[in-house]
Each structure stands twice: as structure tokens, then as C-alpha cells.
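K.L.:
First, the structure itself, so that you have it in front of you.
The values are calculated or read from the model by the stated rules, or taken from the named source; none is laboratory data. Everything numeric here is computed off the predicted structure, so don't read it as measured data. Counting neighbours? That spans all protein chains shown, and the Cβs are built from the backbone with ideal geometry, glycine included. With ligands, DNA and RNA removed, areas are computed over all heavy atoms of the protein, side chains included. Shrake-Rupley method; radii C 1.70, N 1.55, O 1.52, S 1.80 Å.
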Amino acid sequence: MALEVAVKAAVGAPNILGDCPFSQRVLLTLEEKKVSYKLHLIDLSNKPEWFLGVNPEGKVPVVQFDGKWVADSDVIVGILEEKYPQPSLLTPPEFASVYETFPSPFLLFHF
């Protein structure tokens, strides 16, 4: 069964995907994992009543998992990774903290 996904529509073009990177991240994850979904493009300046009924905060993206709508792209991608582990899109542990190997100019400042 396809997941239901609500994401931002383009401003002035309610039938085109909008410029929300959080929505795009969720859609890219679904595509990469080849998970079927039903897409709802939401005009954020004119949110439909059904959308506000399932998501009173009116934020995008939201995905329906097991009858419950879930917001926040980090949470959604985490759930997708758990439910659909292949292909894994997690950063390998050996690269997860690569920034620690580079000195940050911000660390040079003393308060």
C-alpha cells in the first residue's frame, strides 16, 4: 500500500513541487528506496481543511505511517530507514564524524 505524503507546492503553481528542501529530502528518500507513495501538493498560503485536520500545525512535509501522520523530515527519514532498510541511506560510521578531523576556526576563539 502506498504511503501518503504531503509536501509544499510551488508558490503560484499548486500543481508543481515547491522549493522546500525538507519536502524534497523526504521525496528523494522515498524515490531512492523505491517506496510507492501518493503525493499531495500543499499550497501553504491556502492549506486545505483535510490537511489542517490531520496536521494542525500545517507544516510540511508529513507522511502517513500506519494511519498516523508524522511531521519533521528527520523523523520521517528515520522511520523510512527503519521500515525500508535497503538501500541504506545512513552515513557510514567511519564518515559520520569526519568534521572532527578538521580544526574549526571557531574553536580558536576563547570566551
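K.L.:
Which one is farthest from Met1 (Cα to Cα) among residues in the range 52-71 that are over 16 Å from the mean Cα position of the chain (by Cα) and surrounded by 10 or more Cβ atoms within 10 Å (Cβ to Cβ)?
P.N.:
Looking at the filtered set, the residue picked out is Leu52.
K.L.:
If we scan the range 43-51, do we find a residue that is surrounded by 14 or more Cβ atoms within 10 Å (Cβ to Cβ), free of Cβ contacts under 8 Å to residues at least 60 places away in the same chain and among the basic types (Lys, Arg)?
P.N.:
yes
K.L.:
Restricting attention to the range 26-48, does a residue exist that is among the aromatic types (Phe, Trp, Tyr) and farther than 16 Å from Tyr84 by Cα?
P.N.:
The answer is no, given that none of the residues of the range 26-48 is among the aromatic types (Phe, Trp, Tyr) and farther than 16 Å from Tyr84 by Cα.
K.L.:
Is one or more of the residues making up the range 20-30 part of a loop (DSSP other than H, G, I, E, B) and at pLDDT 95 or above?
P.N.:
Checking the range 20-30: at least one residue is part of a loop (DSSP other than H, G, I, E, B) and at pLDDT 95 or above.
K.L.:
State yes or no: is Val7 free of Cβ contacts under 8 Å to residues at least 24 places away in the same chain, open to solvent by less than 40 Å² (accessible area, probe 1.4 Å), hydrophobic (A, V, I, L, M, F, W, C) and not in a helix (DSSP H, G or I)?
P.N.:
It is false that Val7 is free of Cβ contacts under 8 Å to residues at least 24 places away in the same chain, open to solvent by less than 40 Å² (accessible area, probe 1.4 Å), hydrophobic (A, V, I, L, M, F, W, C) and not in a helix (DSSP H, G or I).
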